[in-house]
1. Among Trp21, Trp28, which is the only one that is assigned to a loop (DSSP other than H, G, I, E, B) and at pLDDT 95 or above?
2. Right, Arg7: without any contact (Cβ under 8 Å) to a residue 60 or more places away in the chain, surrounded by 18 or more Cβ atoms within 10 Å (Cβ to Cβ) and part of a helix (DSSP H, G or I) or not?
3. Across segment 10-29, what is the number of residues that are surrounded by fewer than 16 Cβ atoms within 10 Å (Cβ to Cβ) and without any contact (Cβ under 8 Å) to a residue 12 or more places away in the chain?
4. Among residues belonging to segment 64-80 that are charged (D, E, K, R) and surrounded by 11 or more Cβ atoms within 10 Å (Cβ to Cβ), point out the one that is modelled with the highest pLDDT.
5. What are the pairs with Cβ atoms under 9 angstrom where one residue, in segment 38-49, is closer than 9 Å to Phe8 by Cα and the other, located anywhere, is polar (S, T, N, Q) and surrounded by 14 or more Cβ atoms within 10 Å (Cβ to Cβ)? Sequence gap at least six, or different chains.
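The values are calculated or read from the model by the stated rules, or taken from the named source; none is laboratory data. Note that this is a predicted model, so its numbers are computed, not measured. Every residue, glycine as well, gets a Cβ built from its backbone with ideal geometry; the counts of neighbours run over all protein chains shown.
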Amino acid sequence: MTALVKRFGITVRQLRMGHGWTQDELAWRSGLDRSYVGEVERGGAVPSIVTVEKLAAALQLEMTVLLAHCERVKEQRAAQLDRLSAIAR
């Protein structure tokens with residue numbers, strides 16, 4: 001899967017856990033199957049825009065805010081790689 005799909009999954013997992021919810025809870029709140037939520041979180045499924053909207057609503061966010069979180073994950077990962085590169089030199 002693409003890096004974006006993986007980052008989206010990481011973001012959904014972080015936000016879900018921030019609420020203290022299980023995958024079952026997020027699935028119920030979003031109207032999705034628990035196994036599908038797990039696939040999304042692992043980056044194994046490419047969610048449609050409708051699914052992104054359902055997840056955002058369940059997480060009590062606007063879609064744009066959810067996607068902005070994905071960008072922050074990207075920036076955090078880039079910073080981590082920079083730090084590791086500096087250590088390795």
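1. Sole residue among the options that is assigned to a loop (DSSP other than H, G, I, E, B) and at pLDDT 95 or above: Trp21.
2. The answer is no for Arg7.
3. Total meeting the criteria: 7.
4. Glu71
5. Matching pairs, first to second residue: Val40/Thr51; Glu41/Gln23.
Residue-by-condition table, conditions (1) surrounded by 17 or more Cβ atoms within 10 Å (Cβ to Cβ); (2) at pLDDT 95 or above:
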| site | (1), (2) |
| --- | --- |
| Leu32 | yes, yes |
| Val37 | yes, yes |
| Leu55 | yes, yes |
| Glu62 | no, yes |
| Asp82 | no, no |
| Arg89 | no, no |
